[in-house]
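Reading through the structure tokens given below for one structure.
The values are calculated or read from the model by the stated rules, or taken from the named source; none is laboratory data. The model shown is predicted, which means the values in this text are computed figures rather than measured ones. Counting neighbours? That spans all protein chains shown, and the Cβs are built from the backbone with ideal geometry, glycine included.
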Amino acid sequence: MADVAIICGSASDSAIADKAKKVLDDQKVSWDYQVISAHRDPDKLEAYLKTSEAKVFIGIAGLSAALPGVIASKTDRPVIGVPVSGVLNGLDALLSIVQMPKGVPVACVGVDNGDNAAWLAVRILKLAGKR
């Protein structure tokens with residue numbers, strides 16, 4: 001059972017996930033890593049979210065960056081979004097993540113900042129008494 005689930009929308013985002021994995025490893029926090037697109041494989045994402053026992057989710061995505069919002073719409077556990085730089089230097093992804101509708105909260109860290117997503121997850125786990 002992993003405390004944190006790291007989900008990338010594309011394998012090309014793996015370098016950002018690697019930053020999060022390193023922080024979590026250094027902090028001795030268990031994690032699970034998946035590549036599941038909210039657009040290309042929504043059924044696989046929903047199945048994963050239903051079976052995951054993670055206490056915090058990190059969603060890493062670029063472009064329209066729907067992944068963190070979709071995760072948040074399907075769980076009541078904390079979701080941290082990491083926008084990935086792309087054609088618009090990540091501004092498109094950043095705005096997609098921070099503009100969630102009421103009732104579907106997603107925390108957001110800086111563009112390409114997988115490190116801070118992991119640090120935020122560690123702090124959330126500490127508050128929950130899991131660390």
- Task: Output the residue which, of all residues in the stretch 29-58 that are in a helix (DSSP H, G or I) and basic (Lys, Arg), is farthest from LEU127 (Cα to Cα).
- Result: LYS44
- Query: Of all residues in the stretch 71-81, which are closer than 20 Å to ALA20 by Cα and either under 8 Å from the mean Cα position of the chain (by Cα) or assigned to a helix (DSSP H, G or I) (or both)?
  - Reply: ILE71, ALA72, VAL79, ILE80, GLY81
- Query: How about the stretch 1-28: which of its residues are under 11 Å from ALA117 (Cβ atoms) and part of a helix (DSSP H, G or I)?
  - Reply: ILE16, ALA17, LYS19, ALA20, LYS21, VAL23, LEU24
- For the stretch 117-128, what are the residues that are touching a strand residue (DSSP E or B) at 6+ places or on another chain (Cβ under 9 Å) and either over 22 Å from ALA15 (Cβ atoms) or free of Cβ contacts under 8 Å to residues at least 12 places away in the same chain (or both)? ILE124, LEU125, ALA128
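Residue by residue, here is whether (1) at pLDDT 95 or above; (2) under 21 Å from ASP41 (Cα atoms) holds:
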position	(1), (2)
GLY59	yes, yes
GLY62	no, yes
SER73	yes, yes
VAL111	yes, no
GLY114	yes, no
ALA118	yes, no
ILE124	yes, no
ARG131	no, no
- Query: What about ALA17, is it free of Cβ contacts under 8 Å to residues at least 60 places away in the same chain and in contact with a strand residue (DSSP E or B) (Cβ under 8 Å, 6 or more places away or on another chain)?
  - Reply: no
- under 12 Å from the mean Cα position of the chain (by Cα), touching a residue at least 24 places away in the same chain (Cβ under 8 Å) and in a loop (DSSP other than H, G, I, E, B): does that describe ALA61? no
- Query: Can you name the residue in the stretch 23-44 that is over 19 Å from LYS55 (Cβ atoms) and among the acidic types (Asp, Glu) and is also surrounded by the fewest Cβ atoms within 10 Å (Cβ to Cβ) among such residues?
  - Reply: ASP43
- Note on the structure: Of (1) closer than 20 Å to VAL111 by Cβ; (2) buried (at least 16 other Cβ atoms within 10 Å of the Cβ); (3) in contact with a Pro (Cβ under 9 Å, 6 or more places away or on another chain), LYS55 fails just (1)
- Among VAL122, VAL84, VAL29, VAL56, the single one that is among the aliphatic types (A, V, I, L, M) and more than 19 Å from MET1 (Cβ to Cβ) is VAL84
- Task: Check ILE7, ILE97 and return the single one that is surrounded by 15 or more Cβ atoms within 10 Å (Cβ to Cβ), of a type in the set (A, V, I, L, M) and in contact with a Leu (Cβ under 7 Å, 6 or more places away or on another chain).
- Result: ILE7
- Task: Scan the stretch 63-81 for residues that are of a type in the set (Val, Ile, Thr) and within 13 Å of ILE6 (Cα to Cα) and report the count.
- Result: 3
